[in-house]
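Every number in this text was worked out from the coordinates using simple rules, so none of it is lab data. Because the structure is a prediction, the values reported are computed rather than measured. Counting neighbours? That spans all protein chains shown, and the Cβs are built from the backbone with ideal geometry, glycine included.
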């Protein structure tokens, strides 16, 4: 058996489609997919994976250690050229670990690539998403995390995909020696699937004030998102709700930005929204140029009035 590329999908369906399109288009195959859900396996057949290995785990730590350990064993057997990971917390955590273990090259936030003289040069985001640089990896394997939009997905059916037995690569309990102190079940929302999205920025003064925005979002059937300061700096919302180049790229039918200034790294993550509404007291906020509707108002005055009007409208 020969393997040239390894894809770890982390249940990210769009990522899986783009990754398989990329390896097939550039003949970096046969490819091996490591997956956990049956939906991923069906997509793998539709988009041309050659091999698939299913892993099961009890918790996140087990998942991290098990995946890392199994990849280490597989690499010793097959010496594949590239490992492709999604831009998720899991991808960010396991990528550097694999690069260290396998003595490879690690590139995060990859948004595209160029082929020069049969060599693939990767385009990576830099300076908080306001710039990009081209990188030619120096070591094999190449470990990359890619953002959605990296490749235009194109089906390449392979219904005869071969499944591998995990026991062949499972040498021991990879998470042995790690103590799980606390385990909580967390419901993660994929805001990329939201048709309506209300995003909050630094115009929100206190964490407690988010309940006002949640009331509005609930009223119109929208999900909540946040700009980078709200998620990364203040930690008022979960990581999976961050909108922007350093977070999630979204394309809802309706985007409402409340107190969002509209820096370029945020705009690049939501500019393809069908309708963009911005509420900001600063008439010169950058987001104004990208909005279909701009409301110059203090959110603490405007949002309660909007909620009141919507409640009255829905009662009719």
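Go through (1) 21.3, 61; (2) 21.7, 68; (3) 23.3, 71 and flag the label whose value is the computed Rg and Dmax of the Cα atoms in Å for this structure. Checking each listed value against the structure points to (2).
For the chain, the longest principal axis of the alpha carbon atoms and the long axis of helix 89-102 meet at an angle near 30°.
Simple spin-label estimate for residue 208 and residue 302 gives 2.5 nm between the two label positions (7 Å along the Cα-to-Cβ direction from each Cα). Spin-label model, residue 101 to residue 26: label points 7 Å out along the Cα-to-beta-carbon direction sit 2.3 nm apart.
The value for region 186-316 of Rg(Cα) / (2.2 N^0.38 Å) is 0.96. Peptides 7-13, 100-106, ordered by how many other C-beta atoms sit within 10 Å of their residues on average, highest first, read 7-13, 100-106. Computed extension gain for residue 156 through residue 73, at 0.36 nm per residue and net of the alpha carbon distance, reaches 27.0 nm. Helical runs assigned H by DSSP (4 residues or longer) give the chain a calculated mean residue ellipticity at 222 nm of -8500 deg cm²/dmol, each run adding -39500 (n - 2.57) before division by the residue total. Note on the chain: with a GNM built from Cα contacts shorter than 10 Å, the maximum mean-square fluctuation among 137, 96, 283 falls on 283. May I ask what percent, to the nearest 5, of DSSP beta bridges between residues of the chain are antiparallel? Rounded to the nearest five, the antiparallel share is 20 percent. Here the relative contact order of the chain, from alpha carbon pairs under 8 Å that lie six or more residues apart, stands at 14 percent. Remark on region 5-168: ratio of C-alpha radius of gyration to 2.2 N^0.38 Å is 0.97. As a length-normalised measure over Cα pairs under 8 Å and 6 or more apart, the relative contact order of region 1-48 settles at 49 percent. Can you tell me the 0 to 90 degree angle between the C-alpha axis of helix 299-315 and the longest principal axis of the chain, rounded to 10? The angle comes out at about 90 degrees. Most tightly packed first, judged by the mean number of other beta-carbon atoms within 10 Å of their residues, the peptides 75-86, 284-295, 191-202 read 191-202, 75-86, 284-295. Could you state the angle between the C-alpha long axis of helix 210-220 and the longest principal axis of the C-alpha atoms of the chain, as a value from 0 to 90 degrees rounded to the nearest 10? Between the helix axis and the principal axis of the chain, the angle is about 90 degrees. Report the paramagnetic label zone for residue 271: residues of region 126-159 whose backbone N is under 19 Å from a point 7 Å from Cα along the Cα-to-Cβ axis. Backbone N within reach: 126-134, 147-152. If the chain linking residue 190 and residue 54 were pulled fully straight, counting 0.36 nm for each residue of separation and taking away their Cα-Cα distance, it would gain 46.7 nm.
Computed from the C-beta positions of residue 284 and residue 232, the FRET efficiency with R₀ = 30 Å rounds to 0.75. Full extension of the segment from residue 215 to residue 264, taken as 0.36 nm per residue of separation minus the current Cα-Cα distance, would add 14.8 nm.
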